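So the structure is just underneath, and the comments pick up after that.
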There are 2 protein chains.
Amino acid sequence: MAPAASAFTRSRPVRSRHLLAVCIGGLLGAPAVLADEGMWTLDNLPKAALQSQYGFKPDQAWIDHAMQASVRLAGGCSGSFVSPDGLVLTNAHCVVGCVQGLSSAERDLQNDGFVARAREEELQCPAEELNVLREITDVSGRLASAAAGKQGQAYVDARNAEKSRIESECVGDDEAKTRCDVVELYNGGQQHLYRYHRYSDVRLVFSPEYSVGFFGGDPDNFNFPRYNLDAALLRAYEDGKPAQVDHHFTIKPEGAEAGELVMVTGHPGRTQRQLTVAQLETVRDVSLINTLLWLAERRAMLGQYGRSSEEAARQAQSDLTFTDNSYKVVRGQLQALLDPQVFAGKRAEEARLREGVDAAPWNEVEAAQVTARQLAVPYMLLEQGRGFDSRLFGIARTLVRGADERAKPNESRLPEYQEAGQGRLQQTLLSKAPVYPEYEIAKLTWSLTKFRELLGTDDPLVKAVLGTQSPAQVATALVEGSNLADVAERERLWNGGAAAIEASDDPFIRLARIVDAPARAVRKRQESEVSSIESRAATQIAKVRFDKLGTTVYPDATFTLRLSYGDVAGWDENGKPIEPFTTMGGVFARNTGAEPYALPKRWLDAQGRIAQDTPFNFVSTNDIIGGNSGSPVINRDAEVVGLAFDGNIHSLGGNFWYDPRLNRTVSVHSAAIIESLKSVYGADALVEELLQK
Amino acid sequence: MAPAASAFTRSRPVRSRHLLAVCIGGLLGAPAVLADEGMWTLDNLPKAALQSQYGFKPDQAWIDHAMQASVRLAGGCSGSFVSPDGLVLTNAHCVVGCVQGLSSAERDLQNDGFVARAREEELQCPAEELNVLREITDVSGRLASAAAGKQGQAYVDARNAEKSRIESECVGDDEAKTRCDVVELYNGGQQHLYRYHRYSDVRLVFSPEYSVGFFGGDPDNFNFPRYNLDAALLRAYEDGKPAQVDHHFTIKPEGAEAGELVMVTGHPGRTQRQLTVAQLETVRDVSLINTLLWLAERRAMLGQYGRSSEEAARQAQSDLTFTDNSYKVVRGQLQALLDPQVFAGKRAEEARLREGVDAAPWNEVEAAQVTARQLAVPYMLLEQGRGFDSRLFGIARTLVRGADERAKPNESRLPEYQEAGQGRLQQTLLSKAPVYPEYEIAKLTWSLTKFRELLGTDDPLVKAVLGTQSPAQVATALVEGSNLADVAERERLWNGGAAAIEASDDPFIRLARIVDAPARAVRKRQESEVSSIESRAATQIAKVRFDKLGTTVYPDATFTLRLSYGDVAGWDENGKPIEPFTTMGGVFARNTGAEPYALPKRWLDAQGRIAQDTPFNFVSTNDIIGGNSGSPVINRDAEVVGLAFDGNIHSLGGNFWYDPRLNRTVSVHSAAIIESLKSVYGADALVEELLQK
């Protein structure tokens, strides 16, 4: 279907990317960043570029306001405050966990959508945490001193202990409302302390039907033209009341226009643009392939499970969406690294960086790759727990490790079990979201099969886990014999600590105990023989980069707040121009009535009330990545003109480099958000709250 | 579990591979073949190497005998005559199609095994064809003359027409008993006419329970130590009576010994050792990745389908085995091509070959890769039909294309529809093997989803196939609305030709017609813009190779008869020596009672009767690949000492190169075959027939 042209695409000329396209051969891998490239920390915005390219010069008040109106969803998304009463705008796909946790076979919020008509109707999410950045402090010096002269595991331990001290000092006794993270920036080149205000009482205000929030489903995911109302509203509560916030963005209902400067403030999860060539080869040949194959099987397994019944489909829906999405991401990343041009660019860039400087850091990184390659699969299966794919195993792992770790002094613990994170750890552990036994058995059976396949039948841990049984038998015995679906039992074991764990004969607890020592061993080797070496080398390489390039570079993404700038513009797809906007009328034209192109009844009924030429989704040149989902797209007046929810297919290579010709952010237009809330959902009170000045 | 050491491993020293291991760095990619490397055509055996390395000098009578006692299973396996009454020894996994075709929910030959106690009990396979090579003729000259001066599609057409004429002349009017194939050797460097005697009445004599024929299942597949009775017996019939054959191998019940010269005569399907570096890059970056991801999803989908019930498991079993197996093969191939050393070796080899000669052929191949990369996915989905994964689509495709093609002069048809192949085409089309609707729907739903995902929702063919429905709706409508499960209906449509197809409103026929034009278009582009260019260049490169290396090289595998030589020997796995033999006692030690390590009852009952130290499986250095399954392993006296059924995990890189340090063939020991038939199955008449002199 041709993109539905809107008034916007005609009334204003789209800034041409052709000049950039012509230059790209020479630019690829050049030391300076490319136009519109960059996920900039808010303490180092590219002011010169913003000024010269867009005539925009944000002052400190603008920056502080943007920082404190931006919200992080701790589970892996972004959002923003859009009213003084703590209303948070984010993506529908970012609240799937909450929505699914609140759903059951009887109450299907996921497929039916949800609108709170009044504040009393707002529903508390089983496990959700919002973070708002308040302060950034450079703590590189403290960490360098703490680890000075140390190597290997001692280096890791010393840095972890110092990080833990810094975070604990920062949190103080305000654990409920404060979160502090020491963040690695510039691939280990700097460490900054990020202090957040933490909201742990988060309630669902609005979420559309899955079929319109994710209209087009997996086939349209990462594609454009696009027609998604991937928008949801949460509200932060404090002390049982809507949180009163000092900073929020206002929504501009006219939304983004073609060619205008737009900025995205959000939390890109991870990029790997500063890896060395040796690391990239490991990523390409080992990490991505293994992850991709795991995801490919998982999506097919979940898909087939879901086709067995409507209820099964509902149970698997959020895992399937996540898996499909990850699959496409990793597939796109691999495709980028298999492109000989991308690798050639990386090699050239590295050669320039290494010119005239000590080669030792690069050589050390390269030497560590032998171990990195060996550990990749065991790490994935044991430490990441992919060999035991089930919620109950995750719970058991937290209980078993929690008991061990909490018995240690805070700074000696694994980072995720330190005091600073206890609140959110418990929140996840004690979430009331239902556990579905059949579904747990299906995932576990499949993943135990992978576990045996990848480690081999004769592996001692495989023998210990499976004994004389098949994966299906083991999975069934585990799920049917466990009491961990019961939140009270989890609470008992958590509070009971090591003694309670020791005394437990829950089969999942037993499994988690069997797996724990080998998993820790792999993690320890990974940290002491790979990541500590890579991190030390990265610090040295980062210094070289600073010396040669100064602050013209931005750090790789680390799920911390960043600003990316760009303009609303389409692109050229194999000679065919892609217009930057779609309209709400377009979604009705694309509706077939069959999943995933089946609009919900509420939308079909509302068709006559919707202004068909309302812009629906649009693309812009902002440089974003996974984690940015839910980010506000703001204009120079800090008004929300859109809501980022995706990138186009070319954005996936963005993990490794930014391609200004093709890489595009995909957003919901703010006009569509207002129009939907008003004309489809009749959510007048919410519209009023959103539009108040 | 440690490999069960047998008397054999102790009584004779294993020939050390260490010398080779030391040399490998230098040898990799060297022009001369490596020790024991090679899949040699029977008209060009490496007599000098056999003489110098093993003191063996086969005469023409030995070669003729080996040739005519070796059997090809047209579906993709190998075998051998082992009695004058047409008894054929092959692998259990090679007769899965026959066994499944003879099975139903009521009669489960696959899991229960089958032994014909008398010839009257032998069961005719629904679709099986055996070929025995009678004559090899060089027809390179005829093809060169026919295509002289032609390019692109004209070149393809001229060669196809001439091939068709040659094959038709060779078959004459003896289509029922003669098969003639013009075979491309040396990657298009030579064309030989292979004339086979054809047996189309093939009956099942013996097949073990799946659980012992494939003991260890997918986890042990391509691994060693191994404990499989992957052996089956078929019998060729002619005129309703057991075929009387002039050549057969006799079985040596003492079987193979460590260090002894063993030869494998069989039909390796395909290797790609002579591809150019540019072609290998396409294979690595496009073909293997896309195939692997397709297989990964398919195996998970089939696995989950099979877990829904025992009957579902039975329906999916042979597809799942095939898919698991292919997955491992492709995974291993990709791993080999991701090994920088392998690629470096290939580059070095190519550089030597190109030294001092015209670069044009390599450059032309490289230029064609742009199109090759573009066409890979559409070709897979449309022409290979993976977008419509179901038996009914395959049937519909054959009917639709068959009607179109049979209306053309023989030499203008697509090769697979020419007169010479009509017999086997009809045999497959009219096979009485049952069609399972639910299973067809499951595979089709999944594959239609992939079809849409990979081509995109806006692709015109995707729109034409799906219309306003979901993949599940389309799949259900197709399967439930089709009559093609009825063999009589297929026969009617086949015999009715174009008129019957035109008149049919069977939904699968309609689908096959919609897909046909785009599929043919992709195939035509692939042939005229890629493979014809590659084939012409290969002819030129092959000439360079002959000029530089003479007949010291062997052609890539093409599913034609080859001999590979080697010796019975283990290998060194990361410093741990792997002994070359396992024993029958070992399978009882490895039995856990849970799939895939659950011996069938008949075996458990027979444990006391089995000589526990009987060698079960063994490894040897023979250079084989998929298609060799079922090949006899013979000694210098042309006695069967084993039955090849697999390679170790390192053999998978054998698609691209032979690694003498690690690449091993895995075989069933002939002692185990006799012992099982006698002590487990009480098949005394068969044992007597096998051991007669």
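Things to note:
- Selection within the range A:291-303 - at the interface with chain B (Cβ under 10 Å from one of its Cβ atoms) and under 22 Å from the mean Cα position of the chain (by Cα): A:L292, A:L293, A:W294, A:L295, A:A296, A:E297, A:R298, A:R299, A:L302
- Within the range A:519-534, tally of residues that are of a type in the set (S, T, N, Q) and open to solvent by less than 20 Å² (accessible area, probe 1.4 Å): 1
- Enumeration of residues in the range B:600-623 that are open to solvent by 70 Å² or more (accessible area, probe 1.4 Å) and of a type in the set (G, A, S): B:G608
- Residue count for the range A:356-391, restricted to those that are open to solvent by less than 30 Å² (accessible area, probe 1.4 Å), of a type in the set (D, E, K, R) and over 17 Å from A:E453 (Cβ atoms): 1
- When A:A146 is tested against (1) under 27 Å from the mean Cα position of the chain (by Cα); (2) closer than 30 Å to A:E529 by Cβ; (3) part of a helix (DSSP H, G or I), just one condition goes unmet, and that condition is (1).
- The C-beta contact set for the range B:458-469 (first residue facing another protein chain (nearest Cβ under 10 Å), second residue basic (K, R), distance under 6 angstrom, 6+ apart or interchain) comprises B:V462/B:R452.
- Hits in the range A:594-610 - residues which are in contact with a Ser or Thr (Cβ under 8 Å, 6 or more places away or on another chain), more than 30 Å from A:G76 (Cα to Cα) and modelled with pLDDT of 95 or more: A:A606, A:R609, A:I610
- Filter result for B:K678 (at pLDDT below 95, within 24 Å of B:R119 (Cβ to Cβ) and out of contact with any Lys or Arg (no Cβ under 6 Å at 6 or more places or on another chain)): no
- Note on the range B:466-491: residues that are surrounded by fewer than 16 Cβ atoms within 10 Å (Cβ to Cβ) and farther than 18 Å from B:P434 by Cα total 3.
- Qualifying residue in the range B:406-413 (condition: away from every other protein chain (no Cβ under 14 Å), under 29 Å from B:V171 (Cβ atoms) and open to solvent by less than 10 Å² (accessible area, probe 1.4 Å)): no
- Helices (runs of 4 or more DSSP H) fully within the range A:599-693 counting 2 or more residues that are of a type in the set (V, I, T): A:670-675
- For A:N223: the one exception among (1) polar (S, T, N, Q); (2) within 14 Å of chain B (Cβ to nearest Cβ); (3) open to solvent by less than 10 Å² (accessible area, probe 1.4 Å): (3)
- Of residues in the range B:546-584 being part of a strand (DSSP E or B), away from chain A (no Cβ under 14 Å) and of a type in the set (S, T, Y), the one nearest to B:G269 (Cα to Cα): B:S564
- Candidate set: the range B:171-180, residues that are in contact with a helix residue (DSSP H, G or I) (Cβ under 8 Å, 6 or more places away or on another chain) and either touching a residue at least 40 places away in the same chain (Cβ under 8 Å) or within 14 Å of chain A (Cβ to nearest Cβ) (or both); chosen: the one surrounded by the most Cβ atoms within 10 Å (Cβ to Cβ): B:R179
- Against the criterion of being open to solvent by 60 Å² or more (accessible area, probe 1.4 Å) and touching a helix residue (DSSP H, G or I) at 6+ places or on another chain (Cβ under 9 Å), A:I541 does not qualify.
- Of the candidates B:R513, B:R452, the single residue that is surrounded by 15 or more Cβ atoms within 10 Å (Cβ to Cβ) and away from every other protein chain (no Cβ under 14 Å) is B:R513.
- Some residue of the range B:58-69 being closer than 26 Å to B:R636 by Cβ and in a loop (DSSP other than H, G, I, E, B): yes
- Check on B:V587, among the β-branched types (V, I, T), within 14 Å of chain A (Cβ to nearest Cβ) and over 30 Å from B:S482 (Cα atoms): yes
- B:A594 being of a type in the set (A, V, I, L, M), open to solvent by less than 10 Å² (accessible area, probe 1.4 Å) and within 14 Å of chain A (Cβ to nearest Cβ): yes
- Residues of the range B:232-247 that are open to solvent by 40 Å² or more (accessible area, probe 1.4 Å) and part of a loop (DSSP other than H, G, I, E, B): B:D239, B:G240, B:Q244, B:D246, B:H247.
To keep it simple, each residue is scored yes or no on (1) modelled with pLDDT under 95; (2) of a type outside the set (K, R).
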{"position": "B:V544", "(1), (2)": "yes, yes"}
{"position": "B:R562", "(1), (2)": "no, no"}
{"position": "B:K576", "(1), (2)": "yes, no"}
{"position": "B:F588", "(1), (2)": "no, yes"}
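- Enumeration of residues in the range B:185-213 that are away from chain A (no Cβ under 14 Å), open to solvent by 10 Å² or more (accessible area, probe 1.4 Å) and outside any strand (DSSP E or B): B:Y186, B:N187, B:G189, B:S200, B:Y210
- Hits in the range B:304-326 (condition: open to solvent by 10 Å² or more (accessible area, probe 1.4 Å), within 11 Å of chain A (Cβ to nearest Cβ) and under 16 Å from A:A300 (Cα atoms)): B:Q304, B:Y305, B:G306, B:R307, B:S308, B:D324
- Complete set of residues in the range A:389-420 that are more than 21 Å from A:G75 (Cβ to Cβ) and either assigned to a helix (DSSP H, G or I) or touching a residue at least 60 places away in the same chain (Cβ under 8 Å) (or both): A:V400, A:A403, A:D404, A:E405, A:R406, A:A407, A:N410, A:E411, A:S412, A:R413
- The lone exception for A:Q341 - which of (1) touching a Gly at 6+ places or on another chain (Cβ under 7 Å); (2) open to solvent by 60 Å² or more (accessible area, probe 1.4 Å) it fails: (1)
- Any chance B:L662 is hydrophobic (A, V, I, L, M, F, W, C), surrounded by 22 or more Cβ atoms within 10 Å (Cβ to Cβ) and touching a residue at least 40 places away in the same chain (Cβ under 8 Å): no
- The requirement of being within 14 Å of chain B (Cβ to nearest Cβ) and under 22 Å from A:G216 (Cβ atoms) is fulfilled nowhere in the range A:367-374; no residue meets it.
- Condition met for A:E281 (within 11 Å of chain B (Cβ to nearest Cβ), open to solvent by 10 Å² or more (accessible area, probe 1.4 Å) and closer than 26 Å to B:G332 by Cα): yes
- When A:G266, A:G259 are screened for being away from every other protein chain (no Cβ under 14 Å), at pLDDT 95 or above and in contact with a strand residue (DSSP E or B) (Cβ under 7 Å, 6 or more places away or on another chain), only A:G266 passes.
The values are calculated or read from the model by the stated rules, or taken from the named source; none is laboratory data. Predicted model only: the values in this text are computed from it and were never measured. So basically every Cβ, Gly included, is an ideal-geometry build from the backbone, and we count neighbours across all protein chains shown. Calculation scope for accessible area: heavy atoms of the full protein, side chains included, ligands and nucleic acids excluded. Shrake-Rupley method; radii C 1.70, N 1.55, O 1.52, S 1.80 Å.
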